[in-house]
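First the structure, in the form of structure tokens, and then the observations on it.
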Amino acid sequence: MLPRGAGIAARPLLALLALALLGLLLFRLIEIRTDMADFLPPAETPEAAFLLGELREGAATTLLLAGIEGAEEAELARLSRATGEAMRATGRFAFVGNGTADLTEAEGEMLFRYRYLLAPSEGAFEVPALRRGLEALLDGLRSSLSGVLSRLGFADPTGIFMGTVKGWLGASTVEVRRGVWFAGGDGPPRALMVARSRALGTDTEAQREAAEAVRAAFAGAEPGRARLLLAGPGVFAASAAASVRADVERVSLLAGALLLAFLLWRYRSPAMLLVAGVPLLAGTLAGALAVALVFGRVQGAALGFGVTMLGVAVDYPILLLTGREPGEALGAAARRIWPTLRLAAAAAALGLVAMMASGFPGLAQLGLFGAAGLLAGVAVTRWGLPLLVPGEGVTARPLPLPVMRALGAAAGRPALAAGAVALALGWMAIAGPPRWEDDIARLSPVPEADRNLDTALRAQLGAPDVRHLIAIRGGTEEAVLRASERVAGALAPLLADGRLAGLDLPGRYLPSRETQAARQAALPGRAALEDRLAEAMRGLPFRPGAFAPFLDGVEASRSLPFLDSASLGAAPLISTRLSPLLSHRGEGWHGLGLLAGARDPAAVRAAVAGLRDPAVLFVDVKGETEGMIAATTRGALLWCGVGAAAVLGLLALGLGGIRAALLRVAPIAGAVLVTLAALSALGERLTPFHLAALLLMAGVGLDYALFLGRREADPEASARTLSAVLTCTVTTLLTFGMLALCETPVLRGIGLTVSVGVAAAFGLALLLVPKGR
């Protein structure tokens, strides 16, 4: 014969096993999406749409920046070459660059052959310019550059190729030593590398794998004392995901242990843990199924947050089992509290539905997940638990008498409740309410030291400022390149007078076919060039025929086929710059112009607008980001107001009048004010995740207000109800209080919001309990 505890646990255990099997089947059928772009706000302007497209698919989000230091220069160069070769062999990277050694002989010849089509050469073939070039070549042959100039100078005395290479390196301090890139300056030697992952920047798992591939390639090169420095958006995305995962795992273990100990103390039965788990697991499966049916897939982050939000479903079995009268069958107890329980769950679900109109796809999924899960959890509590827990089943241990006396003394003191709310309002009148966060970067869990490393590597590699961008769209690559050249012409006066310090455009590295054709047509014929060269050589100690390679090269350039991005894709030096600026997406092409030192953004905007081209946009990244967040926040607040009005109407219908509904809602409204004041005092800045936490807190607090406001038959029934509500409060605080200890700002903000809000909701509901209830 089974022990009593084992007999009680058997049915809930079987139910959990059945639900677990259903869950395995369900999650094999539905798609779990990890793309964090689902939590980006919607775009309301063309500039914002372009910016979001770059955040989702832009090549800049897939860049990995690496530095190798801690050894002698020769060893660093060896490690750079070995690491680069191993990275290319993985197939995970669209591009890996670490110096001119990346250029094969054929690639170098191709770029040199096209030098007069890749760069402007106006006036370079006139006698005065040729004379200056020949004199500079003569001086260079007497210097330390004689080796390079002896190979290139006689084929290109104009110096156009060397000037073009220097232009491609831009304002970086990168130096080529021992065939690889090194950071310039007087500090310890640091080899530099840059790579671009093939995966989307928002695919955090793929970015993590790419970062691990870099580390594995470095480790395989036997680095010894040398160390690898790794940064970039993809690395940070993977680091942030790992940080969140570590926080959640640590908090889950701690909160789970505390919750387990508390429930075992309260109910003296492990079966209670199984009983409470049945509505939670059923709600999780129902929420995931609802989201999959409506959205076609489930966002992984929404699933994780949704399960946390469904922690309120654990309150339903606690309210049922703790509030049952002695000798009362569980089914009878469920029927007795069902009107209140049903109203509480319906109101909480209705409030969460408002998140579906928030404008964030991820938050919309979270709202549907929570609403469907709560309704499923309350249904299982009402009709499933009476079948799973026969007889007396699980009973709660009475709370200590001093605790009950203290709670009884606090009940029915509306003046104290009014004082707490007045104090919160007074604080916010003096210090102001918490401000909305308008900088997504401040939510990043990436340590400041890592962000500083990213800044340093970008500076050494010559990465420009991304405060302002030029967005270019076109149906073809040629259309984007032509627009890029028009932008360069429009902004040239600003570069000349210092209002713009630098400009990086696709046309700088790949001229349009139109421009290549014009440069090709402007090249002089062989006979004319021979005459000019002979005149420029007069009096200089060059032997006749020394510049035959130059004459041959110019003549060959007159008939070269034009270049495009496909033909340049294998040349790492130019691909390093071009790939983030020119990309093919879907049926169109996208170009990106990067500005450095825009001292007069209004002038840049006016110059771009003067082109009168709707396919060219000036994007103020910070301004557009702030505008998107502000617009979405206004929309979310509006729909939360609509949801609150709907909940109030539902309560009025269920409680028989608007006055009764307002009395139940009063503790929740007061708790929201107290929570906002507490967040203000703690220096928290609000995000949409805080908004979701406030909705969750409101749903939980509504349970407290409805159950504490019920008329009970006798004082013992009131004590059982108070005991049940206090138990729910403690379990919620144990769960979300641990989140408040997280290092991840989003998780910490949610934990603080729910913890403060739930404690305030319970306290105010108790203080506002009418006398005689």
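The values are calculated or read from the model by the stated rules, or taken from the named source; none is laboratory data. Values in this document were obtained by computation on a predicted structure and should not be read as measured data. In this analysis, Cβ positions are derived from the backbone assuming ideal geometry, glycine residues included, and neighbour counts consider all displayed protein chains.
Overview of results
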quantity	calculated
Condition check for PHE161: at pLDDT 80 or above, part of a helix (DSSP H, G or I) and more than 30 Å from the chain's Cα centre (by Cα)	yes
Condition met for PRO464 (closer than 16 Å to PHE236 by Cα and modelled with pLDDT under 65)	no
Flag for PHE218 being crowded, with 19+ Cβ neighbours inside 10 Å, modelled with pLDDT of 80 or more and of a type in the set (Phe, Trp, Tyr)	yes
Subset of the range 604-630 that is of a type in the set (D, E, K, R) and in contact (Cβ under 8 Å) with a residue 12 or more places away in the chain - its residue that is surrounded by the fewest Cβ atoms within 10 Å (Cβ to Cβ)	LYS622
Enumeration of residues in the range 518-554 that are within 30 Å of LEU505 (Cβ to Cβ) and in contact with a Leu (Cβ under 9 Å, 6 or more places away or on another chain)	ARG519, GLN520, LEU523, PHE550, VAL554
All positions within the range 564-595 that are more than 24 Å from the chain's Cα centre (by Cα), among the hydroxyl-bearing types (Ser, Thr, Tyr), modelled with pLDDT of 80 or more and buried (at least 20 other Cβ atoms within 10 Å of the Cβ)	SER565
Among the residues listed as GLY359, GLY408, the single one being modelled with pLDDT under 85, within 16 Å of LEU722 (Cβ to Cβ) and out of contact with any strand residue (DSSP E or B) (no Cβ under 9 Å at 6 or more places or on another chain)	GLY408
Single residue of GLY58, GLY99, GLY84, GLY70 found to be closer than 19 Å to PRO580 by Cβ, at pLDDT 75 or above and not polar (S, T, N, Q)	GLY84
Qualifying residue in the range 654-671 (condition: under 31 Å from the mean Cα position of the chain (by Cα) and surrounded by 22 or more Cβ atoms within 10 Å (Cβ to Cβ))	yes
Test: residue in the range 378-391 that is modelled with pLDDT of 80 or more, in a helix (DSSP H, G or I), in contact with a strand residue (DSSP E or B) (Cβ under 9 Å, 6 or more places away or on another chain) and within 21 Å of GLY643 (Cα to Cα)	no
Tabulated pairs, the range 258-285, first outside any helix (DSSP H, G or I), second buried (at least 16 other Cβ atoms within 10 Å of the Cβ) and at pLDDT 85 or above, C-beta under 9 angstrom, 6+ apart or interchain	SER269/VAL275
Test: residue in the range 503-517 that is in contact with a strand residue (DSSP E or B) (Cβ under 6 Å, 6 or more places away or on another chain), surrounded by fewer than 18 Cβ atoms within 10 Å (Cβ to Cβ), modelled with pLDDT under 90 and not in a helix (DSSP H, G or I)	no
Residues of the range 631-647 classified as closer than 27 Å to ALA344 by Cα, crowded, with 17+ Cβ neighbours inside 10 Å and aliphatic (A, V, I, L, M), total	3
Residue in the range 533-541 that is in contact (Cβ under 8 Å) with a residue 12 or more places away in the chain, under 16 Å from GLY133 (Cα atoms), among the charged types (D, E, K, R) and in a helix (DSSP H, G or I) present	yes
Residue list for the range 717-754, restricted to those being within 37 Å of the chain's Cα centre (by Cα) and among the hydroxyl-bearing types (Ser, Thr, Tyr)	THR727, THR729, THR731, THR732, THR735, THR744, THR753
Residue check, LEU399 within 17 Å of PRO715 (Cα to Cα), hydrophobic (A, V, I, L, M, F, W, C) and assigned to a loop (DSSP other than H, G, I, E, B)	yes
Selection count where residues are at pLDDT below 85 and over 17 Å from ASP497 (Cα atoms), scope the range 596-644	26
Residue, nearest to the chain's Cα centre (by Cα), within the range 542-559, restricted to residues that are hydrophobic (A, V, I, L, M, F, W, C) and in a loop (DSSP other than H, G, I, E, B)	PHE547
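Condition check ((1) of a type in the set (Phe, Trp, Tyr); (2) touching a Gly at 6+ places or on another chain (Cβ under 8 Å); (3) closer than 28 Å to LEU651 by Cβ; (4) surrounded by fewer than 24 Cβ atoms within 10 Å (Cβ to Cβ)) across all residues:
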position	(1), (2), (3), (4)
TYR316	yes, yes, yes, no
LEU330	no, yes, yes, yes
ALA347	no, yes, yes, no
VAL353	no, yes, yes, yes
ARG382	no, no, yes, yes
